[in-house]
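**Student:** Encoded as structure tokens, here's the structure I'll be asking about.
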Amino acid sequence: MHRTENTCRPVLLASEVIGREKGHGVRNLDALRRDEYTIRGGHCMHKSIALLTFFLLLSPAFSFEVGDEPAVSVRSGDLRSSPGFLANITAPLDYGESVEIIEIRGDWLRIRVANSPDEGWLHISVVAEKESMRLEQADSSSTGSASSREIALAGRGFNEKVEAQYKSQKDLDFSLVDEMEEYGRSIEELVIFLADAGLTVEAGSVE
Amino acid sequence: MITKSSKRVLLIALAAGIAILALTGCKALAGVAGELSALGIIDARQVAELAVAGADVVSSISETFTPEQQYYVGRSVAASILDQYEPYRDDRATAYLNTLGQALALASGKPFLYGGYRFMILDSDEINAFATPGGHIFLTRGMISLAQREDELAAILAHEISHVVLQHGMKSVKSSRITSSVVSALKTTADALTENQIVALTETFSGSVDDVAQTLVTSGYSRATEREADAGAVQIIQSLGYDPSALIRVLERMGSDRASGGLGFAKTHPDPEMRIRWIDDMLEGIDLRSGANSAVTRARFEIALGGL
């Protein structure tokens, strides 16, 4: 019943700020490791009752089981050393890469990357069922992850082509959209921003 | 009042719901509602709410497009919004908005989106906000000025993030856009596409962008859809520790704007008073205390947005 913990679990613990070496330069991250993060579980069930229907709304769109083989559904994902937003990144993941789920903890999945020695943790929203990504053909005809990646990349080229056609038809300027897409922040920055104000994001790994 | 035994019942309910979800997958959310009801675990009102949720999850449009294609539709919707509005150039305000917004997204059901969540301020006094299926979120200066505190701005952003998470934009694409030739084209690998399939796909793409942009800018979502986004917003901000009633304070100010002949948001969104009523229902039994350090949030809010 791991999905129960989605809405109702202790929040980020100091000990959940995992995998960072001691003496890392950012003072706030050090603070995150200390006991400033307390478990706010006291009102948990209370909230859950009121939010029973709501959490279903915002739950990730897919439910997975150990043994499932979804694919990476984000443009570039991160494989992490442990379940948590601040865990060390151990390998990059590309859109369309096939992974096998070997363990589920809250919203975090421990996975093995197909045809690769890479193994680690990712958030459930980093992957989706292959069918939703039109990757089923790649599986039946392929001999490995290289070809599923190829299909995904081919699809990407096609989508850019459609956008280019649309752009010329409508005489639209995408430069501001491109500029906007550069506004990404690192997850560390986000967690520090929250922590500075005493706010906490659920780590999702606490059972 | 929540007793220990009702907590136990809830746990069982959740366990049953999850077990059923695991067995049937998310396509049967409405079915889950029925099961829970049959077991006497949830009441009729909750069944109705779950049925609404199920309808969204089952949305065939969002299942027809891949995450990548939804992102590309979102990019074009963003471009068409930026064709109608000028961006407001303020690096400090934009950086603050992105940090706050992306931090809020961490607490949503979908922290990781194909291209991530990005926020931009539009240079308009009109009170309005838009969220594309690709995670591009726009707030006008007028909308931002409704927020007097960080938690209030967080509530506005969380509402828009919820539209993205719940795929409301893609849901507004007319089902007639998906023809059989498009379905077959979507299943074909790029290099095997025929010319006709490319034409069909481009038409569908273009039509889908128009449908989403039309909904965001002109016609608006249904009340039920807005209510879901409000519920999502409440969930996001309260799970981080912000006061979840912040959304009500923003809506109260919006109400007075509406009375003075508001544009944009007032045209495409339900009456703020109605929204305040349903948010009041959602907040029943929830601890409204804020965990935020108000000295910190007030200072950074003022520094970032004081010049707006």
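The values are calculated or read from the model by the stated rules, or taken from the named source; none is laboratory data. All of these numbers come straight from a predicted model, not from anything done at the bench. Glycine also receives a Cβ, built like all others from the backbone with ideal geometry; neighbour counts cover every protein chain displayed.
**Student:** Name the single residue that is surrounded by the most Cβ atoms within 10 Å (Cβ to Cβ) among those in segment B:276-295 being in a loop (DSSP other than H, G, I, E, B) and either modelled with pLDDT of 95 or more or at the interface with chain A (Cβ under 7 Å from one of its Cβ atoms) (or both).
**Tutor:** In the first step, residues of segment B:276-295 are kept if they are in a loop (DSSP other than H, G, I, E, B); the result is B:284-293.
Checking the rest, the ones that are also either modelled with pLDDT of 95 or more or at the interface with chain A (Cβ under 7 Å from one of its Cβ atoms) (or both) come to B:284-287, B:291-293.
Working: B:284: 8, B:285: 13, B:286: 18, B:287: 16, B:291: 16, B:292: 24, B:293: 15.
Here the residue is B:292.
**Student:** Just checking, which of A:177, A:191 is assigned to a helix (DSSP H, G or I), under 19 Å from residue B:69 (Cα atoms) and modelled with pLDDT of 90 or more? Working first, answer last.
**Tutor:** Details: A:191 fails: under 19 Å from residue B:69 (Cα atoms).
Only one candidate qualifies: A:177.
**Student:** How many residues are more than 7 Å from chain A (Cβ to nearest Cβ), polar (S, T, N, Q) and within 30 Å of residue A:129 (Cβ to Cβ) if we restrict to segment B:60-114?
**Tutor:** Adding up the residues that qualify gives 4.
**Student:** If a residue has to be hydrophobic (A, V, I, L, M, F, W, C) and free of Cβ contacts under 8 Å to residues at least 40 places away in the same chain to count, how many in segment B:273-308 make the cut?
**Tutor:** The first filter runs over segment B:273-308 and keeps only residues hydrophobic (A, V, I, L, M, F, W, C), leaving B:274, B:276, B:278-279, B:282-283, B:286, B:288, B:292, B:295-296, B:299, B:301, B:303-305, B:308.
Cutting the leftovers down to free of Cβ contacts under 8 Å to residues at least 40 places away in the same chain gives us B:276, B:295-296, B:299.
Summing the residues that are hydrophobic (A, V, I, L, M, F, W, C) and free of Cβ contacts under 8 Å to residues at least 40 places away in the same chain in segment B:273-308 gives 4.
**Student:** Take segment B:229-248 and flag every residue that is closer than 19 Å to residue B:101 by Cβ and of a type outside the set (A, V, I, L, M).
**Tutor:** Listed by number, the residues that qualify are B:230, B:232, B:235, B:238, B:239, B:241, B:242, B:243, B:244.
**Student:** Note down all Cβ pairs under 8 Å where the first residue falls in segment A:81-93 and is without any contact (Cβ under 8 Å) to a residue 24 or more places away in the chain, the second is of a type in the set (D, E, K, R), and they're at least six residues apart or on different chains.
**Tutor:** A:89/A:78; A:89/A:80; A:92/A:78
**Student:** Six or more apart or on different chains, Cβ under 8 Å: which pairs go from a residue in segment A:178-207 that's charged (D, E, K, R) to one that's modelled with pLDDT under 95 and crowded, with 22+ Cβ neighbours inside 10 Å? Could you list them?
**Tutor:** Cβ pairs passing all conditions: A:188/A:86; A:202/A:11; A:202/A:12; A:202/B:239.
**Student:** Name the one entry in B:199, B:212 that is surrounded by fewer than 21 Cβ atoms within 10 Å (Cβ to Cβ) and more than 20 Å from residue A:131 (Cα to Cα).
**Tutor:** On the way: B:212 fails: surrounded by fewer than 21 Cβ atoms within 10 Å (Cβ to Cβ).
Only one candidate passes the filter, namely B:199.
**Student:** Would you mind finding the one in B:143, B:170 that is within 12 Å of the chain's Cα centre (by Cα) and more than 11 Å from chain A (Cβ to nearest Cβ)?
**Tutor:** Values: B:143 fails: within 12 Å of the chain's Cα centre (by Cα).
Exactly one of B:143, B:170 is within 12 Å of the chain's Cα centre (by Cα) and more than 11 Å from chain A (Cβ to nearest Cβ), namely B:170.
**Student:** Quick check on residue B:136: is it touching a Gly at 6+ places or on another chain (Cβ under 9 Å) and within 14 Å of another protein chain (Cβ to nearest Cβ)? Steps first, answer last, please.
**Tutor:** Numbers: touching a Gly at 6+ places or on another chain (Cβ under 9 Å): yes; within 14 Å of another protein chain (Cβ to nearest Cβ): yes.
Against the criterion (touching a Gly at 6+ places or on another chain (Cβ under 9 Å) and within 14 Å of another protein chain (Cβ to nearest Cβ)), residue B:136 qualifies.
**Student:** If residue A:62 satisfies all but one of (1) hydrophobic (A, V, I, L, M, F, W, C); (2) modelled with pLDDT of 90 or more; (3) more than 30 Å from residue B:290 (Cα to Cα), what's the number of the condition it fails?
**Tutor:** Looking at each condition in turn, residue A:62 falls short on (2).
**Student:** State whether one or more residues within segment B:247-266 are at pLDDT 90 or above and within 14 Å of chain A (Cβ to nearest Cβ).
**Tutor:** Narrowing segment B:247-266 to residues at pLDDT 90 or above: B:247-253.
Of the ones still in play, those that are also within 14 Å of chain A (Cβ to nearest Cβ) are B:247.
Yes, because at least one residue in segment B:247-266 is at pLDDT 90 or above and within 14 Å of chain A (Cβ to nearest Cβ).
Let's see how each residue does on (1) in contact (Cβ under 8 Å) with a residue 40 or more places away in the chain; (2) over 18 Å from residue B:138 (Cβ atoms); (3) of a type in the set (S, T, N, Q):
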| site | (1), (2), (3) |
| --- | --- |
| B:180 | no, yes, yes |
| B:188 | no, yes, yes |
| B:194 | no, yes, yes |
| B:210 | no, no, no |
| B:215 | yes, no, yes |
| B:223 | yes, yes, no |
| B:236 | yes, yes, no |
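**Student:** Same structure, new question: It is to be established whether one or more residues within segment A:73-82 are in contact with a helix residue (DSSP H, G or I) (Cβ under 6 Å, 6 or more places away or on another chain) and of a type in the set (Gly, Ala, Ser).
**Tutor:** Our first condition is that a residue be in contact with a helix residue (DSSP H, G or I) (Cβ under 6 Å, 6 or more places away or on another chain); within segment A:73-82, this holds for A:73-74, A:77.
The next check asks that each one be of a type in the set (Gly, Ala, Ser); those that pass are A:73, A:77.
Within segment A:73-82 (the criterion being in contact with a helix residue (DSSP H, G or I) (Cβ under 6 Å, 6 or more places away or on another chain) and of a type in the set (Gly, Ala, Ser)), the answer is yes, since at least one residue qualifies.
**Student:** Taking residue B:96, is it touching a residue at least 60 places away in the same chain (Cβ under 8 Å) and out of contact with any strand residue (DSSP E or B) (no Cβ under 8 Å at 6 or more places or on another chain)?
**Tutor:** Values: touching a residue at least 60 places away in the same chain (Cβ under 8 Å): yes; out of contact with any strand residue (DSSP E or B) (no Cβ under 8 Å at 6 or more places or on another chain): yes.
The answer is yes for residue B:96.
**Student:** Here's a follow-up. Applying the selection to segment A:96-114, what residues are buried (at least 23 other Cβ atoms within 10 Å of the Cβ), hydrophobic (A, V, I, L, M, F, W, C) and more than 13 Å from the chain's Cα centre (by Cα)?
**Tutor:** Of everything in segment A:96-114, just one residue is buried (at least 23 other Cβ atoms within 10 Å of the Cβ), hydrophobic (A, V, I, L, M, F, W, C) and more than 13 Å from the chain's Cα centre (by Cα), namely A:99.
**Student:** Given the structure, is residue B:147 in contact with a helix residue (DSSP H, G or I) (Cβ under 8 Å, 6 or more places away or on another chain), at negative phi and part of a helix (DSSP H, G or I)? Can you show your working first?
**Tutor:** On the way: in contact with a helix residue (DSSP H, G or I) (Cβ under 8 Å, 6 or more places away or on another chain): yes; at negative phi: yes; part of a helix (DSSP H, G or I): no.
It is false that residue B:147 is in contact with a helix residue (DSSP H, G or I) (Cβ under 8 Å, 6 or more places away or on another chain), at negative phi and part of a helix (DSSP H, G or I).
Quick grid of which residues meet (1) modelled with pLDDT of 95 or more; (2) surrounded by fewer than 23 Cβ atoms within 10 Å (Cβ to Cβ):
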{"position": "B:64", "(1), (2)": "no, yes"}
{"position": "B:70", "(1), (2)": "no, no"}
{"position": "B:119", "(1), (2)": "yes, no"}
{"position": "B:132", "(1), (2)": "yes, no"}
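**Student:** Ok, one more. Given the conditions (1) over 15 Å from the mean Cα position of the chain (by Cα); (2) surrounded by fewer than 19 Cβ atoms within 10 Å (Cβ to Cβ), report the number of the one that residue A:130 does not fulfil.
**Tutor:** Of the numbered conditions (1) over 15 Å from the mean Cα position of the chain (by Cα); (2) surrounded by fewer than 19 Cβ atoms within 10 Å (Cβ to Cβ), the odd one out for residue A:130 is (2).
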